[in-house]
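Enquirer: My questions will all concern the structure given below.
None of the figures in this text is laboratory data; all of them are computed from the coordinates on show. Remember, it's a predicted structure, so these values are computed and weren't measured experimentally. When we count neighbours, we look across all protein chains shown, and the Cβ atoms used for this are built from the backbone with ideal geometry, even at glycine.
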Ligand SMILES: NC(=O)c1ccc[n+]([C@@H]2O[C@H](COP(=O)([O-])OP(=O)(O)OC[C@H]3O[C@@H](n4cnc5c(N)ncnc54)[C@H](OP(=O)(O)O)[C@@H]3O)[C@@H](O)[C@H]2O)c1
């Protein structure tokens, strides 16, 4: 039996931190082939070879501002910024490609606009593609459900000084997991930082706090504070490889699937 043809992937934001990691891992993966690399018009990296930009040898894929021609079954992998991501996923839907979206910082309206494209193509959007955080989301939900509101929940996150959105998409996802475990809605319970004479902490609040500095790739802790005891669930990303490997695994998995909104849990549970 001949091996399956590699899945073509188009990497948006190919000169960025995640984009470079994605290109370098994808080129080493025989199940995938990089068939396109995108940056915005005017970006200084346009025209450069995506493999060289990622720190390796030439790949024969120049970084371009336009979507390449590629057949249905191709998968867009997008780690850029909310506006461009929405444009790219719309274009991918018109081309019949799948899409794996790692970008964070969307408004509710933008999230809805992207997710609705899952009616037309296979789409996976996750604020964190690592195996560890995918499992942590389930664990946080379970712990929150078992402890209830007698334990106070605070979620803290730390990221490098160049991160643009705050709090992180992962912190929000953890907040939603805790809220789901308690049977409440995050937006009705969340407090994003505190300042001034804020008074005593009401029961049921879900605090979300963001620290920024240096080159921290991404740390998240869900604190459950009880009386005389506490639980802290922490995930620390030591390299962007954990996110990129998850995104590439998702791309290989999603290619050729029916339209729908898939999750990293779907990808992991298929392993
Ligand atoms: N889901 C996950 O597991 C995960 C993990 C890590 C990061 N992220 C998220 O992924 C996103 C990117 O993170 P990063 O650290 O890689 O940021 P980054 O280094 O700033 O990379 C983003 C890249 O996208 C480019 N870009 C901007 N507009 C574009 C457009 N219209 N077309 C094509 N490319 C465009 C940027 O170019 P310029 O430099 O010119 O702006 C940059 O090269 C963020 O939202 C981040 O929170 C998610």
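Enquirer: Each label point is 7 Å from the Cα along the Cα-to-Cβ direction; what then is the distance between the points at residue 111 and residue 266, in nm?
Expert: The modelled label-to-label distance comes out at 1.8 nm.
Enquirer: Which value in nm describes the separation of the simple spin-label points at residue 162 and residue 90, placed 7 Å from the Cα toward the beta carbon?
Expert: 2.8 nm
Enquirer: Related question: Defining a contact as two alpha carbons under 8 Å apart and six or more residues distant in sequence, what relative contact order in percent does the chain show? Can you show the working numbers first?
Expert: Values: 550 pairs, mean separation 54.0, N = 271.
Averaging sequence separation for qualifying contacts and normalising by length gives 20 percent for the chain.
Enquirer: If you wrap a convex hull around the C-alpha atoms of the range 1-141 and split its volume per residue, what is the figure in Å³?
Expert: 141 Å³
Enquirer: At q = 0.12, 0.14 Å⁻¹, what log₁₀ I(q)/I(0) does a Debye calculation on the Cα points of the range 131-236 give, no solvent, two decimals?
Expert: Evaluating at q = 0.12, 0.14 Å⁻¹ gives log10 I(q)/I(0) of -0.38, -0.52.
Enquirer: Taking Cα atoms, how many degrees apart are the long axis of helix 82-95 and the longest axis of the chain, rounded to 10 and kept between 0 and 90?
Expert: The answer is roughly 50 degrees.
Enquirer: What angle, in degrees between 0 and 90 and rounded to the nearest 10, separates the Cα long axis of helix 131-147 from the longest principal axis of the Cα atoms of the chain?
Expert: Approximately 20 degrees, to the nearest 10.
Enquirer: Multiply the residue separation of residue 187 and residue 65 by 0.36 nm, subtract the distance between their alpha-carbon atoms, and state the gained length in nm to one decimal.
Expert: That pair, residue 187 and residue 65, stretches by 40.3 nm at full extension.
Enquirer: Can you say what percent of the DSSP beta bridges in the chain, counting only those with both residues inside, are antiparallel? Round to 5. Walk me through the intermediate numbers first.
Expert: On the way: 15 of 47 bridges.
Among the beta bridges of the chain, antiparallel pairing accounts for roughly 30 percent.
Enquirer: Continuing with the same structure: Relative to the longest principal axis of the C-alpha atoms of the chain, give the angle of the C-alpha long axis of helix 241-254, reported between 0 and 90° and rounded to the nearest 10°.
Expert: 60 degrees
Enquirer: If Rh is defined by the Kirkwood formula over all Cα pairs and Rg also comes from Cα, what ratio Rg/Rh do you get for the chain?
Expert: 1.00
Enquirer: Pick out which of 52, 161, 261 has the largest mean-square fluctuation in a Gaussian network model of the chain, springs linking Cα atoms closer than 10 Å.
Expert: Greatest mean-square fluctuation among the candidates belongs to 161.
Enquirer: Moving on to the next point. So if I take the centroid of the Cα atoms in the range 1-75 and the same for the range 129-203, what is the distance between those two points in Å?
Expert: Centre-to-centre (Cα) distance: 34 Å.
Enquirer: Next question, about the same structure. Springs between alpha-carbon pairs under 10 angstrom, Gaussian network model over the chain: which of 237, 37, 50 fluctuates most?
Expert: 237
Enquirer: If you don't mind, there's one more thing I want to ask. Of all beta bridges DSSP finds with both residues in the range 147-271, what is the antiparallel percent, to the nearest 5?
Expert: 60 percent
Enquirer: With the chain treated as a Gaussian network of Cα nodes joined by springs under 10 Å, which of 154, 66, 39 yields the largest mean-square fluctuation?
Expert: 66
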